[in-house]
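A.B. asks: Quick one: this structure, given as structure tokens, is what I'll be asking you about.
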Amino acid sequence: MRRLFASRWICGVAALLALALTLPSIGNGLGIDDHLLRARVVDQQWTAARSARDLFVFASPDHEGELAAQMASGEISWWAAPELRWGFMRPLPALLHHAEFTALGRTGAGWMHLHSVLWMAALAAAVALLYRQMFGATWFAGLAAVLYAIDDGHGFAVGWLSNRGAVMGACFAVLALIAHDRWCRGRWRPGAVLGPLALAVALLCSEQMVAIAGYLVAYEVVLHRVALRQRLLAFAPFAVLIVAWYLVRGSLGYGSVGTGSYTDPIGEPVAFLGAALQRIPILAHSQLGPLPADLWEVWFVRQDLGWLMIAIGIGFLAIFGAVFVRLLRADPVARFWALGAGLAVISVCGAHPNDRHLLLVGIGGSALVARFLAAWIDRADPAQRSLLPRRGATVAAIVLFAIHAVLAPIALPIRARIPGSVSRGVARIDALVPADPALANQDLVIVNVPFKYLCNFASVVRRSSGGVSPQRWRCLGVTPDAVVASRPDAHTLALRPAQGYLRFFEDTNVRSRRFPFAAGDRVELPDFSVSVRTVTADARPAEIEVRFAVSLDHPSLRWVVWHDGAYRSFTPPRIGDSVTIPAESFAFGDLLSDAKP
């Protein structure tokens, strides 16, 4: 086994492992943002040029009238931040998605997923090559390559089509680091050009690839044993490129303002720092420990237990920081991986905690785990034993081996299929939306749903699938709590949820808590307006009034509400009366159930 791990064949072995363990994702279908991409290319017939520019732009105040049109159609909720900006400069994956949807239309999702799986295999091979270059042709370089290839945290990253750009970008980011090392240590002149060129390609795939700068900085600090001036000059092309990319990205209108899903570290430094302090322990623990960062949004934050996940992360890092301390003191390559991963994890803290953001962070994480396990396996050698803690080394090795070598390859194919479960859940939701021909001449008014995907996202899925769509989607509110609906006049419906709207983190994707509501706020849309009558103590809408241009009883309005696991017909109360819509339990995990929602 050691001979195989030390051979150059390990690059192919790593690629095959990544391919085999993520191949179950080819049946995932489309989920979440995938439907929006397909609707834009197939339903709206976007050109390749527009897709390259705007396919990953979800909202932009620079496109005059577009945000209002999205809110009017129901694609974006009425409560969106007035200057909502939510867009990513990802022209290369956008063009590939455009080509696939143009060629395959509403079919062929399996081929698209196979494309993503092949990129994951290429990434595993590139990382294996990087390990051999940094560790030398050692057996623990091969062990690190295997651990990275079977890391279960890659499952959602590969299984979700819209995330392919991150996998593509990670390939080129790794190639940039390989080229830079060959230029600095081997004086391979093409590396001076190919390194920055590969980084440029990586940044055109995904903004997450700025994380590779963490490893480039760590390389100059730890491994590049030349004068400080030479180190600065070696890093300068990458620094200039990243600054230029950020400036161009901003000048073209990309970035995030107003969304709770992303925080711009330059535009909102204080908010980013606060988010990073909470997210670093969660992400670092997810990379090294047993608890996936995905659970933060799916369960912990919904139970008001986000603090517990942070505490677990801090405790785990404290323990394993002590476990790794002797290794880090003695081995400069291990210090490089640790510093690189630590800097890289900071750069991904602008997004909410999720394992799909750890493709580059995991390179350093897998290397550290492999180096520690190798030292423990060879502990009969005094030099290797000196890298281990004096107490607890065996327990630490067993825990790390169990997490990264036993459980990970079991969990990876399962987690790669999770986007497929989401896809099937979204399809079940679409099947519950009215689809009779009369709907095409009506506005669908969704009075209340307990979860965001049951609201505006249903409109995108319907357009993507080519089914009967209403003229407009009107989603009035999202809350799992009971809602009192009253009718002060013929045209107006007042809604008062028990604990206010936008209570959960998942509800802030189009309006961050940094953009509070005030009593009297009003949103005007065609034939429809929403007024915020009162707000909660933390400035969320507590009661709203929705006014239509026509009577609530007009046949142009189709009223539904989520009740007992389905969209049910809703009859507005008579003038002066009120009804109570009962509380409904539904969360992200319910999408993963094979049972009817």
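Since every read-out is calculated from the coordinates, none of them should be taken as a lab result. What you see is a predicted model; the values in this text were computed from it and never measured. As a convention, Cβ positions derive from the backbone with ideal geometry for all residues, glycine included, and neighbour counts pool all protein chains shown.
A.B. asks: Given R₀ = 30 Å, FRET efficiency for S585-R391 by Cβ-Cβ distance, to 0.05?
C.D. replies: Values: r = 47 Å, r/R0 = 1.56.
Efficiency at R0 = 30 Å is approximately 0.05.
A.B. asks: Given a Förster distance of 60 Å, report the FRET efficiency between A318 and S578 from their Cβ-Cβ distance, rounded to the nearest 0.05.
C.D. replies: On the way: r = 54 Å, r/R0 = 0.90.
According to the calculation, E is roughly 0.65.
A.B. asks: Compute the length gained on full extension between R2 and L228: take 0.36 nm times their separation in residues and subtract their Cα-Cα distance, giving the result in nm to one decimal.
C.D. replies: Values: separation 226, 0.36 × 226 = 81.36 nm, distance 3.82 nm.
Value of the extension gain: 77.5 nm.
A.B. asks: Based on Cβ point charges of +1 for Lys and Arg and -1 for Asp and Glu, what charge dipole magnitude is obtained for segment 433-592 about its Cα centre, in debye rounded to the nearest 20?
C.D. replies: Details: 18 positive and 17 negative charges, 64 e Å.
Approximately 300 debye in magnitude.
A.B. asks: For segment 12-94, what is the charge dipole size about the Cα centre, in debye to the nearest 20, if Lys and Arg each add +1 at the Cβ and Asp and Glu each add -1 at the Cβ? Show your work: numbers first, answer last.
C.D. replies: Details: 6 positive and 9 negative charges, 63 e Å.
With only Lys, Arg, Asp and Glu charged at Cβ, the dipole is about 300 debye.
A.B. asks: Computed from the mean reciprocal separation of all distinct C-alpha pairs, what Kirkwood hydrodynamic radius does segment 139-230 have, in Å?
C.D. replies: On the way: mean 1/r = 0.0693 Å⁻¹.
Evaluated over segment 139-230, this radius sits at 14.4 Å.
A.B. asks: While we're looking at this one, here's another question. Net charge near I403: determine it from the other residues with C-beta under 13 Å of the C-beta of I403, scoring Lys and Arg +1 and Asp and Glu -1.
C.D. replies: Working: positive: none; negative: D151, D152.
Once all neighbours under 13 Å are counted, the net charge is -2.
A.B. asks: Restricting attention to the alpha-carbon atoms of segment 369-452, what are Rg (one decimal) and Dmax (integer), both in Å?
C.D. replies: In Å, with Rg to one decimal and Dmax whole: 26.2, 80.
A.B. asks: Let me check I've understood the local charge: for E66, count other residues with C-beta under 12 angstrom from its C-beta, Lys and Arg +1, Asp and Glu -1. What total comes out? Please report the intermediate quantities before stating the final value.
C.D. replies: Values: positive: R85; negative: D54, D62, E64, E75.
Around E66, the surrounding residues sum to -3.
A.B. asks: Roughly how tilted is helix 418-432, in degrees to the nearest 10 and between 0 and 90, from the longest Cα axis of the chain?
C.D. replies: Between helix and principal axis, roughly 10 degrees.
A.B. asks: Label L308 and L118 with points 7 Å out from Cα along Cα→Cβ: what is the distance between them in nm?
C.D. replies: Label at L308, label at L118, 4.5 nm between them.
A.B. asks: Using every Cα-Cα pair within segment 273-372, state what percent have a distance larger than 19 Å. Don't skip to the end; give the middle numbers.
C.D. replies: On the way: 1885 of 4950 pairs.
Roughly 38 percent, once rounded to a whole number.
A.B. asks: Turning to a different aspect of this structure: What is the distance, in nm, between label points placed 7 Å from the Cα along the Cα-to-Cβ direction at A519 and at D381?
C.D. replies: According to this spin-label approximation, the distance is 7.3 nm.
A.B. asks: Projecting each Cα onto the charge dipole of the chain (Lys/Arg +1, Asp/Glu -1 at the beta carbon, about the Cα centre), which of S162, Y453, A149 comes out farthest on the positive side?
C.D. replies: A149
A.B. asks: Suppose the chain between Q45 and A330 were pulled fully straight at 0.36 nm per residue; how much longer would it get relative to their current alpha carbon spacing? Each step should come with its number before you reach the end.
C.D. replies: Details: separation 285, 0.36 × 285 = 102.60 nm, distance 5.86 nm.
Extra length from Q45 to A330 when fully extended: 96.7 nm.
A.B. asks: Show me the ranking of peptides 486-498, 70-82, 246-258 by mean Cβ neighbours inside 10 Å, starting with the highest. Kindly include the intermediate steps, with their values, before the conclusion.
C.D. replies: Details: 486-498: 17.9, 70-82: 21.1, 246-258: 16.3.
Most protected by this proxy first, the peptides run 70-82, 486-498, 246-258.
A.B. asks: Another question, then. Give the residue list of trypsin sites (Lys or Arg not before Pro) in segment 314-413 that are DSSP loop and have at most 14 other beta-carbon atoms within 10 angstrom. Write out the running numbers ahead of the final one.
C.D. replies: Working: sites: R326, R329, R335, R356, R371, R379, R385, R390, R391; in loops: R379, R390, R391.
Those satisfying the criteria are R390, R391.
A.B. asks: Can you compute the equivalent ellipsoid semi-axes for segment 1-131, i.e. the square root of 5 times each eigenvalue of the Cα gyration tensor, sorted largest first and rounded to whole Å? Could the numbers behind the result be given before it?
C.D. replies: Details: eigenvalues 286, 55, 33 Å².
Gyration-tensor ellipsoid for segment 1-131: 38, 17, 13 Å.
A.B. asks: Okay, moving on. In the chain, which cysteines lack any other cysteine Cβ under 4.7 Å from their own?
C.D. replies: C11, C171, C184, C205, C349
A.B. asks: Using only DSSP helix segments of four residues or longer, with each worth -39500 (n - 2.57), what per-residue ellipticity at 222 nm results for the chain after dividing by its residue count and rounding to 500?
C.D. replies: On the way: 22 runs with 288 residues, N = 597.
My calculation for the chain gives -15500 deg cm²/dmol from helical runs alone.
A.B. asks: Counting C-alpha atoms alone, how compact is the chain: give Rg to one decimal and Dmax as a whole number, in angstrom.
C.D. replies: Both quantities, over Cα of the chain: 25.6, 85 Å.
A.B. asks: At 0.36 nm per residue, minus the direct Cα-Cα distance, what do A537 and L277 gain on full extension? Give it in nm, one decimal, please. Could you put the intermediate results ahead of the total?
C.D. replies: Values: separation 260, 0.36 × 260 = 93.60 nm, distance 2.53 nm.
Gain on stretching A537 to L277: 91.1 nm.
A.B. asks: What's the angle, to the nearest 10 degrees (0 to 90), between helix 228-251's Cα axis and the longest principal axis of the chain?
C.D. replies: The angle comes out at about 10 degrees.
A.B. asks: Using the Kirkwood formula over every pair of different C-alpha atoms, what hydrodynamic radius in Å results for segment 433-592? Before the final figure, lay out each step's value.
C.D. replies: Values: mean 1/r = 0.0619 Å⁻¹.
Final number for the Kirkwood radius of segment 433-592 is 16.1 Å.
A.B. asks: Here's a follow-up. Once both axes come from the Cα atoms, what is the angle between helix 139-149 and the longest principal axis of the chain, in degrees from 0 to 90, rounded to 10?
C.D. replies: 10 degrees
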